[in-house]
Every structure is written in structure tokens, then in C-alpha cells.
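Working notes, beginning with the structure itself.
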Amino acid sequence: MNERKFRRWPLLVAIAVFMIPVFLKPAMAQNLQEPPVDPAMPVDSSDPYESWNRKVFAFNDAIDRWFLRPVAQGYRAVTPDLVDRGITNFFNNLTEIRNFTNSILQLKGESAVVAAGRFTYNTVFGLGGFFDVANAFELPERPEDFGQTLATWGVGSGPYLMLPLLGPSTPRYFTGMASDGFMLPSAWDSVESPEWYYLRMLQIVDKRADLIPAENFISGDRYTFMRNAFMQRREFLINDGKITEDPFASDDEDLMLDDF
């Protein structure tokens with residue numbers, strides 16, 4: 001048990017590195033500099049730490065540009081599409097226990113049944129989750145995390161934060177991510193060392209590789225675009241797909257959130 005708790009410290013970094021691509025620099029605009037932040041400008045109440053957030057954004061972007069993205073590009077070049085999709089399916093299947101647990105905590109009985117069904121079908125008939133056969137049974141994934149659970153319980157989001165390595169966040173989202181990693185049941189608990197570390201690294205690279213095509217959707221100021229995409233995506237998940245008013249959205253924005 002102690003070993004498992006110790007291993008979950010790298011889990012925060014592992015999960016959060018998934019968010020590094022959310023503040024990518026488009027390949028065609030790598031030489032452009034961030035617009036300067038005018039301290040005299042009024043601060044948006046939803047992003048009161050924008051000056052700090054932009055500095056952390058640039059730090060995270062540099063790590064992705066010089067390390068994670070090149071590795072992911074190499075992975076895409078040598079991995080057949082079928083294998084790449086299967087690896088993604090395998091890791092997605094492991095999250096169904098998280099989806100099930102948080103569905104129970106949110107009193108979403110139907111979502112809990114779907115998560116349990118997906119995990120059972122994909123594990124038994126999908127070769128451990130390599131094939132997503134649950135979709136053939138009309139059981140699409142319903143992502144649920146503890147951040148969504150906290151929102152259901154009435155916990156406020158708090159201000160937008162850009163965290164070193166952990167990427168876009170809010171106090172509620174970070175608390176939920178930590179709870180999912182340390183407190184709630186996880187299929188990862190059954191994986192022993194050193195395989196645990198190898199699989200986590202593969203998961204990071206696979207997720208980053210899958211997000212490379214989404215870079216083409218980034219436009220305008222990258223920081224603002226990614227902040228909007230993150231906040232809208234969280235609201236989309238919390239409200240189970242129901243459209244709500246977004247304080248960051250403008251009339252001419254149409255973000256393709258499914259790619260984030």
C-alpha cells in the first residue's frame with residue numbers, strides 16, 4: 001500500500017502533462033512572441049492572475065516544444081494507426097473505474113451502469129480494452145471525474161490558474177484531479193512496478209500524439225484561446241453536454257472542444 005501511495009506522486013505530473021498540449025504553440029507561429037501584458041488594463045474577475053498565468057504558460061509551452069512534442073511526433077511516425085488507436089482505447093478503458101465511482105458519488109445511476117458495462121465489455125471482449133467494443137452496444141463513454149463531482153456538490157470553481165507542468169486548472173479542478181489520483185479506486189492499483197512507470201510514460205506520449213492534429217484549431221492569442229477551451233470544456237462536462245453561458249466566450253468564437 002505504501003508503495004502505491006508513493007507511486008501516485010508521479011501520477012499528478014503524469015496526468016497533468018496531458019494538459020501541456022492544451023497550451024501548444026502552432027508550428028506556423030513558433031517565432032511569434034506573446035503580447036505584452038499591460039498592467040494598467042482591468043483584470044477579468046475570472047482570471048485575476050493573468051500576468052502570472054501567462055508566464056507559467058510560456059514555461060510549459062517551452063517544455064512541450066522542446067521535449068514532449070518531438071517525442072510524440074516520433075511515436076506517430078512509427079506506430080500504425082490500428083495500434084495507436086488500440087493503445088488509446090486501452091488507457092481510456094482504465095478510466096472507467098473513475099467514471100463509475102464519480103457517477104455513484106453524483107447519484108447518476110445510468111452513467112454508473114454505462115461505465116460498468118463499458119469496462120466489462122471492453123475488458124472481456126475487447127482484449128483488455130484494446131478494442132472499444134462497448135460502442136457497438138451503444139455504450140459511449142461518459143467522462144466523470146471528482147472535479148465534476150465537487151461541482152455537483154455545489155463547490156465553486158474558483159479563479160483560473162495556470163500551474164507549472166500541471167497546466168490549465170482551477171482550485172476545484174486541481175482538488176478533483178488529486179482526489180482521483182490519491183483517494184478513489186483505480187485500475188492502476190493493480191499494476192506493479194516497474195511496469196507502472198513504463199505504462200504511464202506510454203500513456204503520456206500516446207495522449208500527446210493524439211492531440212497533435214488539434215493544433216490546427218489554435219488561432220489568435222494562444223493563452224486566451226486555450227483558457228477559453230479549457231473553461232468551456234469543463235463546463236461542458238460538468239453540465240453533461242448542456243450549453244451554458246461562458247464568461248470567456250465571444251460572439252465570433254467557435255471552439256472545437258471535442259479535440260481537447
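The values are calculated or read from the model by the stated rules, or taken from the named source; none is laboratory data. As the structure is a computational prediction, the values presented were derived from the model and not from experiment. Cβ coordinates were reconstructed from backbone atoms using ideal geometry, including for glycine residues, and neighbour counts include every protein chain displayed. Calculation scope for accessible area: heavy atoms of the full protein, side chains included, ligands and nucleic acids excluded. Shrake-Rupley method; radii C 1.70, N 1.55, O 1.52, S 1.80 Å.
Centre-to-centre, using Cα atoms only, the stretch 131-150 and the stretch 163-230 are separated by 17 Å. Among Ile204, Leu150, Gly220, flag the residue with its Cα farthest along the positive direction of the charge dipole of the stretch 132-223, charges on Cβ as +1 for Lys/Arg and -1 for Asp/Glu. The Cα lying farthest towards the positive end belongs to Gly220. The magnitude of the dipole of the stretch 84-142, with charges of +1 and -1 set on the Cβ of Lys/Arg and Asp/Glu and taken from the Cα centre, is near 140 debye. Assuming charge only on the beta carbon of Lys and Arg (+1) and of Asp and Glu (-1), the dipole of the stretch 88-235 about its Cα centre is about 420 debye to the nearest 20.
Summarise the accessible area of the stretch 137-182 (1.4 Å probe, protein heavy atoms) by the percent that is carbon and sulfur.
Working: 1200 of 1800 Å².
Heavy-atom surface of the stretch 137-182 belonging to carbon and sulfur, 1.4 Å probe: 67 percent.
Candidates Asn89, Ala62, Thr79 compared by Cα position along the dipole of the stretch 43-94: farthest toward the positive end lies Thr79, with charges placed on Cβ. With Cα atoms as the point set, the radius of gyration and Dmax of the stretch 85-198 evaluate to 15.2, 43 Å.
3J(HN,Hα) along the stretch 156-171: x, 5, x, x, 5, 9, 10, 9, x, 6, 6, x, x, 6, 9, x Hz, from the Karplus curve 6.51 cos²θ - 1.76 cosθ + 1.60 with θ = phi - 60°, whole Hz, x for Gly and Pro. Legend: translational diffusion of the stretch 165-217 by Stokes-Einstein, Rh = Kirkwood radius over C-alpha pairs, 20 °C, 1.002 mPa s; D = 160 µm²/s.
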